[in-house]
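The values are calculated or read from the model by the stated rules, or taken from the named source; none is laboratory data. Since the model is a prediction, treat every value here as computed from it, not as a measurement. Cβ placement follows ideal geometry from the backbone for every residue including glycine, while neighbour counts extend to all protein chains displayed. Only protein heavy atoms, including side chains, enter the accessible area calculation; ligands, DNA and RNA are left aside. Shrake-Rupley method; radii C 1.70, N 1.55, O 1.52, S 1.80 Å.
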Amino acid sequence: MRQLLRRVAAAGVATAAAGVVTVVVPAQTAQAATTTHCPTSTSIALLPAGSGYLFPNLFASASACGFTDGGTPYHFTVGTATSNAQTPTGPHTYVVDDLSVVCSTVTVNGDSLFASGCRPG
């Protein structure tokens, strides 16, 4: 009988210990971000070597984009993006539909939005 009591007691301790196990998972840190769609934008690219990214910056209407600053990074999609590029052979205009970029900074002055530090997104 004594052995039976020990087994029952041991089983009760194991069951109690199993009920106390807690799993701790660290929470993911929230990252601020701004995602905006603009119908149109204009960029200026200086390409002295004749190559580089055509959309290093964006000029657009803040109200047309519905821009609300939610913090970096700034994700832009643009319906029709125009880049005025200065290359060794002279100025060239490039037009791209459905451009997607990620920019590091945005400045808004009135209704003028200027994004810089842009790269393909």
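List of remarks:
- Scanning the range 59-102 for residues that are more than 11 Å from Ser43 (Cα to Cα), open to solvent by less than 40 Å² (accessible area, probe 1.4 Å) and of a type in the set (A, V, I, L, M, F, W, C) yields a count of 8.
- Within the range 52-80, residues that are touching a residue at least 40 places away in the same chain (Cβ under 8 Å) reach partners that are among the aromatic types (Phe, Trp, Tyr) and loosely packed, with under 15 Cβ neighbours inside 10 Å with beta carbons closer than 6 Å, at six or more positions or on different chains, in the pairs Leu54/Tyr94.
- A residue that is at pLDDT 95 or above, surrounded by 11 or more Cβ atoms within 10 Å (Cβ to Cβ) and touching an Asp or Glu at 6+ places or on another chain (Cβ under 6 Å) occurs nowhere in the range 35-54.
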